[in-house]
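Inspection log for the structure reproduced underneath, given as structure tokens.
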Amino acid sequence: MKAMVAYSSRTGNTKKVANGIFAGIPGESKDMQSLEEYAGKDADIFFVGFWTDKGTCDMSVVDFLSGLHGKKVALFGTCGMGNDSSYMAAIEHRVKVWIPEDCTYLGAFMCQGKMPMDVRRRYESMEKNGVEPEKVKMLLKNFDEALLHPDDKDVQNAAAFAVRMMEKAQRR
């Protein structure tokens, strides 16, 4: 079964996870490309990676997913607000709607990823703009925790996810 890892990465977080996904796919019938480089290589299973943009994926991922037909698809993504599993599940739900109905959706892997420093500066200015200090404190704490991700454990978990998705794809 030929596998393709295709991803969009703004800060390098999703690329790091893509490397873990790629490493976890057994065998040699696999390839990996960023969506910017993607040259239409075909595969049986597509692992499609994205960074989170306002609670969903960016438009390059929407366009890519919408163009897949008759494929097995697994999603993976990174998100700055990484300590909230319900938020990550909502992101997955918003992204998987772009997968055509004639595809087989296998599942998703999400992990926390560091955010650009301008996000921290925006959080720091929120209190001056009337946002509750406790909320600002929570956002800053999350930002600081996100600086450590994706870490080695996240990459290992991504590789294990790839193994599970390949096994699942074999059964379908």
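Cβ-Cβ under 7 Å, sequence separation 6+ or interchain: first residue in segment 143-172 and touching a residue at least 40 places away in the same chain (Cβ under 8 Å), partner hydroxyl-bearing (Ser, Thr, Tyr). Which pairs?
Phe143/Tyr123; Pro150/Thr78; Arg172/Thr104
Can you tell me which condition Tyr123 does not meet? The list is (1) in contact (Cβ under 8 Å) with a residue 24 or more places away in the chain; (2) of a type in the set (Phe, Trp, Tyr); (3) in a helix (DSSP H, G or I), and all the others hold.
(1) is the only condition that Tyr123 fails.
I want to confirm something. Restricting to segment 124-142 and keeping residues that are touching a helix residue (DSSP H, G or I) at 6+ places or on another chain (Cβ under 7 Å) and either of a type in the set (S, T, N, Q) or under 26 Å from Val17 (Cα atoms) (or both), which single residue is surrounded by the most Cβ atoms within 10 Å (Cβ to Cβ)?
Among those that are touching a helix residue (DSSP H, G or I) at 6+ places or on another chain (Cβ under 7 Å) and either of a type in the set (S, T, N, Q) or under 26 Å from Val17 (Cα atoms) (or both), it is Leu139.
I need the strands (runs of 3 or more DSSP E) fully contained in segment 1-110, keeping only those with at least 2 residues that are open to solvent by less than 20 Å² (accessible area, probe 1.4 Å) and either farther than 25 Å from Gln170 by Cα or not basic (Lys, Arg) (or both).
Numbers: elements: 3-7, 30-34, 45-51, 72-79.
Counting at least 2 such residues, we get 3-7, 45-51, 72-79.
How many residues, within segment 148-169, are within 13 Å of Phe47 (Cα to Cα) and either among the aromatic types (Phe, Trp, Tyr) or outside any helix (DSSP H, G or I) (or both)?
Total meeting the criteria: 1.
Could you identify the single residue in Leu106, Leu140 that is touching a residue at least 60 places away in the same chain (Cβ under 8 Å) and not acidic (Asp, Glu)? Give the derivation first.
On the way: Leu140 fails: touching a residue at least 60 places away in the same chain (Cβ under 8 Å).
Only one candidate passes the filter, namely Leu106.
Quick one: would you say Glu145 is surrounded by fewer than 15 Cβ atoms within 10 Å (Cβ to Cβ) and touching a strand residue (DSSP E or B) at 6+ places or on another chain (Cβ under 8 Å)? So that I can check it myself, show each step before the final result.
Numbers: surrounded by fewer than 15 Cβ atoms within 10 Å (Cβ to Cβ): yes; touching a strand residue (DSSP E or B) at 6+ places or on another chain (Cβ under 8 Å): yes.
The answer is yes for Glu145.
Tell me which of these Thr104 doesn't satisfy, since it passes every other one: (1) in contact with a Lys or Arg (Cβ under 8 Å, 6 or more places away or on another chain); (2) over 30 Å from Glu28 (Cβ atoms).
Tallying (1) in contact with a Lys or Arg (Cβ under 8 Å, 6 or more places away or on another chain); (2) over 30 Å from Glu28 (Cβ atoms), Thr104 fails exactly one: (2).
The values are calculated or read from the model by the stated rules, or taken from the named source; none is laboratory data. Note that the structure is predicted; figures quoted are calculated from it, not measured. Please note: Cβ atoms are built from the backbone with ideal geometry, for glycine as well, and neighbour counts cover all protein chains shown. Ligands, DNA and RNA are stripped out before the accessible areas are found, and what is left, the full protein with its side chains, is counted by its heavy atoms. Shrake-Rupley method; radii C 1.70, N 1.55, O 1.52, S 1.80 Å.
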